[in-house]
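Scroll down for the structure; my scribbles are underneath it.
Read the figures in this text as sums done on the coordinates, not as results from a lab. Everything numeric in this text was worked out from a predicted model, so none of it was measured.
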């Protein structure tokens, strides 16, 4: 069994822990770093617990859980940490404050858009291409999750771990098609629609 290693990622002048095996990030570390920055800017304290209880956040977590076994692990005890899926981590980071968004965007692209995942390089390259076109970066995590769910359903897959080799190859071809189309088209919805249709002619439009 592979041993879980805790990595340290530099973020906004601080360090955020990440679990090597699951890829989950410490939202507790993020909150601490964010509040140091917010205090420097004369802003109110960011409350992670309240953010996680918001309706929009709960809906996003529900969507993530359709493809991921663990999305959030809440810590217990005074010095414990709350661990979250990388895409939920992005959503939290985007909610910190608009004055920090340039720093957050750059870090997210460098550290998170390229994170290791079960879909491999094809997913990362597709995500990076869409990221470049996507205007509202804060909405990107939710958008890319919807895209991933659409591709999974179009391939006739419930969970990727149960997919056949043919379905996995089909998924990767769709990723690369969307990447190529996104480099040409400014409308990412159209790039996704055509990318899926190109590989699955009878698919339902997104």
Problem - the chain, helix-only ellipticity at 222 nm - DSSP H runs n ≥ 4, -39,500 (n - 2.57), divided by all residues, nearest 500 - result: -15500 deg cm²/dmol
Problem - Nearest-ten-degree value, helix 121-133 long axis tilted from longest Cα axis of the chain - result: 70
Practice task
Considering only 188, 39, 28, give the residue with the highest GNM mean-square fluctuation for the chain, with springs between Cα atoms whenever their separation is below 10 Å.
Solution key: 39
Exercise for the section: Under a 10 Å cutoff between Cα atoms, tell me which one of 67, 165, 59 has the largest fluctuation in the Gaussian network model of the chain. Expected result: 165
Practice task
Give the angle, between 0 and 90 degrees and rounded to the nearest 10, that separates the Cα long axis of helix 55-64 from the longest principal axis of the Cα atoms of the chain.
Solution key: 50
Completion exercise
Rounded to the nearest Å, the spacing of the alpha-carbon centers of segment 53-105 and segment 147-183 is 25
Exercise for the section: For the chain, set up a Gaussian network in which alpha carbons nearer than 10 Å are linked by springs, and say which option among 55, 153, 19 fluctuates the most. Expected result: 55
Handout entry: Nearest 10 degrees, 0 to 90: helix 188-199 Cα axis against the chain principal axis
Key = 40
Handout entry: Translational diffusion of segment 6-91, µm² s⁻¹ [Kirkwood Rh, Cα pairs; Stokes-Einstein; 25 °C; 0.890 mPa s]
Key = 181
Completion exercise
Taking max minus min of the Cα coordinates of the chain on each principal axis, largest first, gives extents in Å of 53, 42, 29
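Let me have the relative contact order for segment 1-104, percent, based on Cα pairs under 8 Å that are six or more residues apart.
Working: 113 pairs, mean separation 25.4, N = 104.
For segment 1-104, the relative contact order is 24 percent.
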Handout entry: Gyration tensor over alpha-carbon atoms, segment 117-206, equivalent ellipsoid semi-axes in Å
Key = 20, 14, 12
